[in-house]
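Only one structure is covered here, and it is reproduced in the block below.
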Amino acid sequence: MRIDEKFRQLKVRKEGALIAYICAGDPLPAATKEYVTALVRGGVDIIELGLPFSDPVADGPTIQAGIQRALEGGMTPDLFFKMVASLKLHIPIVVMTYYNLIFKRGLARFTKDCAASGISGIIVPDLPPEESDELLQACKENDIDLIYLVAPTTTQERMDRILAEGTGFIYLVARLGVTGVRSDVAGSTGELIKRVKTATPKAVGFGISNGKQAAQIIRAGADGVIVGSAFVDIIAKGEDVTARLEALARELKECSKN
Amino acid sequence: MRNKLESTKFGKYGGQFVPEVLMPALEELTEYYEKFKDDVVFNEELDYYLRDFAGRPSPLYFAQRLSREYGVKIYLKREDLVHGGAHKLNNTLGQGLLAKYMGKKRIIAETGAGQHGTACAMAGATFGINTEVYMGAKDTVRQRMNVYRMELMGTKVIPVKSGSQTLKDAINEAMRDWVANVETTHYMIGSVVGPHPFPTMVRDFQSVIGKEVRSQIMEKEGCFPDSIVACTGGGSNAMGIFYPFIEEDVDLFAVEAGGSGMKTTDKEALHSATLCTGEDGVLHGMRTKVLQNKDGQILESSSIAAGLDYAGVGPELAYLADIGRLKPCNSMDSEALLAFHDLCRLEGIIPALESSHAVAYVRKAAATGELGDIVVINISGRGDKDLETVMGMRK
């Protein structure tokens, strides 16, 4: 399913989108399908799967540990695409990974593999628009959205360029720093939501872990929230994982409904 | 050949592969660097610190007995005599002064063996800027004297427990810190690596080495050397001595760490010879040659010399290697050790194990004639920090 179609549906229903991240293959390749299914049961609108990279500079300790477990569990790009193709979800799937894995596979091959396995969008945290022309082209050729990030530090000039190029949704980085659970919502978040003026849906991530934060962000004008570390934390603890993933998804989804 | 600062690339290498959060900081840094790099006041102040604090210029020493032993005329560029015992201070004084001009309240850095960290601590103390250094937890144990040196100078050393707990992970962690504190903090990267403008800026600050060699060798020989040999990890001492000779008829040899052999597995390399065997990739904000597996996962590199133990290399070196302007080569751990002892015994100079790799290459290549008659070796640092390692090898 295409990302913009999903957001259109949600708009009609007056709901904010819940985008859930887990790292593919964490802790073992076989676990991901079950976890994704639980998240979908809990009401997740878009699944964001991490393709683990050895040096994840944009991620905090929680997701780093998830990536480490996935790599030790044997997750590879080949296995990743095979696993994603077997998911057969009725909601959009996006892949989040670092540029070297895309570069090494070849941009054309990577985007083709995305399209063939049912992935609708790509998020690359270490690829600013200055360096993304080639990947953007490859994405267009395969009808994949390249999802750009904007940060509180993004200048207006850069913002204009990113908004002109980004498709699917715009990923608003809620705060300076890496991924990870925080209890509050940064003051800069609301400001950033207001600054991002675009028809493309806006989803806010980095630091969001509970329903209260999600509700606050949707109320502030975002079209969706992205939650990662809180789910990865559940996987790390390893107890009642599917039930707890589903319950947290449900809580977040309820609070994203406005 | 010379890259204008406005270009972020060296051929296809370099660039700015960083999170969006950092892009404005890189723009700001580029702006300040362009503003001050030719500024008279800035350069006078930097020259003052390089001269009176760092002890520059460092001598170019004719190594008579080593020359006789190896069969070529060898000059040693004595960066080991720079304050702190390595070339690293050239860069940290430059960046430290720039950070001061930029009004940054805090400096962060990564360090492997602790040489760059120590140089940061010196610059931080000199300029009165709070300094925090990320160091792999394993390295803090291996190099505890350097940890203590940094602490004595008021720097906070933060052990990094993620990943392999070495330099690569220290860089990752420093970048994460920078992402969170970008508005107040300058990231003082220690080599000609990372996103633009770092490779260009660090090269320029280190070019003082090559500039001095130009006039020193002219004075002694009346001509430029036939070749210059420098060890290469990230490549800052190499770029520093090479760059002022790029357009001259001088052969440049970048000697990487051959470790215990040119073998790799899916997870690790037994060496750190990135220019020799690495493949085009993107790591730590730059496109360059990288030690990686078939999927693009970065390999753990290996070397007896912590300062060469890195899975990437400066993008300009990758470019110069591709166009044939420099020759990538390597020395193994065992060869570096032999050269280390040669220099100790014949010249009374205890070189860093890093620099010993450059000496080792001259040791084996002199006889082939490829180095010509006059060779300059960059002795990038002194070996006091390596004594425990060398003692351990003797047992």
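Tabulated data for the structure shown
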{"quantity": "Residue count for the range B:281-297, restricted to those that are closer than 16 Å to A:V124 by Cβ and part of a strand (DSSP E or B)", "calculated": "5"}
{"quantity": "Residue, farthest from the other protein chains (Cβ to nearest Cβ), within the range A:157-171, restricted to residues that are over 22 Å from A:R2 (Cβ atoms) and not hydrophobic (A, V, I, L, M, F, W, C)", "calculated": "A:D160"}
{"quantity": "Within the range B:261-295, tally of residues that are in contact (Cβ under 8 Å) with a residue 24 or more places away in the chain, more than 13 Å from chain A (Cβ to nearest Cβ) and under 21 Å from B:G14 (Cα atoms)", "calculated": "5"}
{"quantity": "Condition met for B:E212 (crowded, with 18+ Cβ neighbours inside 10 Å, assigned to a helix (DSSP H, G or I), more than 14 Å from the chain's Cα centre (by Cα) and among the charged types (D, E, K, R))", "calculated": "yes"}
{"quantity": "Filtered residue count, the range B:266-280, keeping only those that are in a loop (DSSP other than H, G, I, E, B), surrounded by 24 or more Cβ atoms within 10 Å (Cβ to Cβ) and not hydrophobic (A, V, I, L, M, F, W, C)", "calculated": "3"}
{"quantity": "Residue that is farthest from the other protein chains (Cβ to nearest Cβ), among those in the range B:300-319 that are surrounded by fewer than 24 Cβ atoms within 10 Å (Cβ to Cβ) and either more than 17 Å from the chain's Cα centre (by Cα) or modelled with pLDDT of 95 or more (or both)", "calculated": "B:Y319"}
{"quantity": "Extreme residue, surrounded by the most Cβ atoms within 10 Å (Cβ to Cβ), among residues of the range A:143-162 that are on the phi < 0 side of the Ramachandran plot and among the charged types (D, E, K, R)", "calculated": "A:D145"}
{"quantity": "Search result, residues across the range A:128-156 that are within 8 Å of chain B (Cβ to nearest Cβ) and not small (G, A, S)", "calculated": "A:P128, A:E130, A:E131, A:Y148, A:L149, A:V150, A:P152, A:T153, A:T154, A:T155"}
{"quantity": "Helices (runs of 4 or more DSSP H) wholly inside the range A:49-156 containing at least 1 residues that are modelled with pLDDT of 95 or more and more than 25 Å from A:V227 (Cα to Cα)", "calculated": "A:77-85, A:99-105, A:107-117, A:133-141"}
{"quantity": "Filter pass, B:G85 being at pLDDT 95 or above, under 27 Å from B:E31 (Cβ atoms) and in contact with a Gly (Cβ under 9 Å, 6 or more places away or on another chain)", "calculated": "no"}
{"quantity": "Yes/no for B:Y75 being at pLDDT 95 or above, assigned to a strand (DSSP E or B), touching a Pro at 6+ places or on another chain (Cβ under 8 Å) and more than 14 Å from every other protein chain (Cβ to nearest Cβ)", "calculated": "yes"}
{"quantity": "Answer residue from the range B:128-181, given it is charged (D, E, K, R) and in a strand (DSSP E or B) and is surrounded by the most Cβ atoms within 10 Å (Cβ to Cβ) among those", "calculated": "B:E132"}
{"quantity": "The listed residue being out of contact with any strand residue (DSSP E or B) (no Cβ under 9 Å at 6 or more places or on another chain) and not small (G, A, S), out of A:L101, A:L39", "calculated": "A:L101"}
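The values are calculated or read from the model by the stated rules, or taken from the named source; none is laboratory data. The shown structure was predicted, so the numbers you read here are calculated from the model rather than taken from an experiment. Note that we place each Cβ from the backbone using ideal geometry, even for glycine, and neighbour counts take in every protein chain shown.
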